[in-house]
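Since the structure comes first, as structure tokens, the remarks are kept for the end.
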Amino acid sequence: MGNVFVGALCALGVFFLSYQHRPLPGYELDNRLSYGASAAAIGVALFPTAEHEAKPWTGEWLVSTTHLVCACALVLLLAYFSLKLFTKTDKGKRISDAKRKRNVVFKACGWTIVASIVLVVVSNIVDPPDSWHSLFWLEIVGVIAFGISWLVKSGIFGLLVDRASTASSAVAAEPAGAPPG
């Protein structure tokens with residue numbers, strides 16, 4: 001499963017690069033953070049952890065430390081996207097019921113990511129048996145929570161979208177004189 005997770009992290013890195021292939025005005029912070037998340041995801045995938053405790057300043061230690069730094073940066077950015085960027089609303093704009101529901105999902109996912117970070121720290125202190133693969137499962141939980149958050153943000157599958165804006169954008173996309181529907 002480790003190889004699948006590495007592949008998923010590489011895919012996540014590519015998605016973050018494509019996230020802003022056509023940057024929108026007013027989303028400069030989102031764009032910069034997505035570049036950082038892309039680099040961090042690919043860094044986590046390409047720099048493995050040490051199989052045993054590595055001696056400081058050896059090649060194995062540097063690779064393992066790079067993995068840890070990239071993993072921390074990635075997970076913190078994923079939480080920030082879910083908790084802060086996805087919940088933003090234009091100033092003065094009325095918040096729809098669907099947006100309120102989306103924000104609940106975003107915050108639940110963001111706090112799940114934060115909880116996975118905290119549990120990784122606890123797991124390192126408690127040192128559970130290796131057979132539990134606790135670090136792997138906690139990383140998976142954080143990435144899946146972000147995936148849910150991102151899917152809801154994208155509006156794919158019509159999940160929690162604003163119905164009025166969907167109908168008005170569909171009408172606006174139709175050529176003049178075309179029958180509605």
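Derivation of every value follows stated rules applied to the coordinates shown; laboratory data play no part. Only a predicted model underlies this, so the values are computations on that prediction, with no experimental measurement involved. We place every Cβ from the backbone using ideal geometry, glycine too, and count neighbours over all the protein chains shown.
Values for this structure:
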read-out: Within a Gaussian network of the chain (alpha carbon springs, distance under 10 Å), most fluctuating of TRP150, TRP132, TRP61; value: TRP132
read-out: Set of lysines with alpha-carbon distance to LYS101 below 26 Å, sequence-local pairs under 8 removed; value: LYS84, LYS88, LYS91, LYS93, LYS153
read-out: Theoretical gain in end-to-end length, SER18 to CYS72 [0.36 nm per residue, Cα-Cα removed]; value: 17.3 nm
read-out: Cα pair distances of the chain binned at 5 Å [whole percent]; value: 1, 7, 13, 17, 18, 13, 10, 7, 5, 3, 2, 1, 1, 0, 0
read-out: Ranked packing of 69-80, 41-52, most packed first, by mean Cβ within 10 Å; value: 69-80, 41-52
read-out: Whole-number D in µm²/s for region 72-138 (Stokes-Einstein; Kirkwood sum over Cα pairs; 4 °C, 1.567 mPa s); value: 95
read-out: C-alpha long axis of helix 134-154 to longest principal axis of the chain, angle in °; value: 10
read-out: Cα-projected label distance for SER154 with LYS107, points at 7 Å along beta-carbon direction, nm; value: 2.5
read-out: Check: the chain dipole with +1 on Lys, Arg Cβ and -1 on Asp, Glu Cβ, in debye; value: 1040
read-out: Within a Gaussian network of the chain (alpha carbon springs, distance under 10 Å), most fluctuating of ILE125, ILE144, ILE113; value: ILE125
read-out: Helix 97-126 vs. the chain, principal-axis angle (Cα, 0 to 90°, nearest 10); value: 0
read-out: Mean residue ellipticity (222 nm) of the chain, computed from DSSP H runs ≥ 4 via -39,500 (n - 2.57), nearest 500; value: -23000 deg cm²/dmol
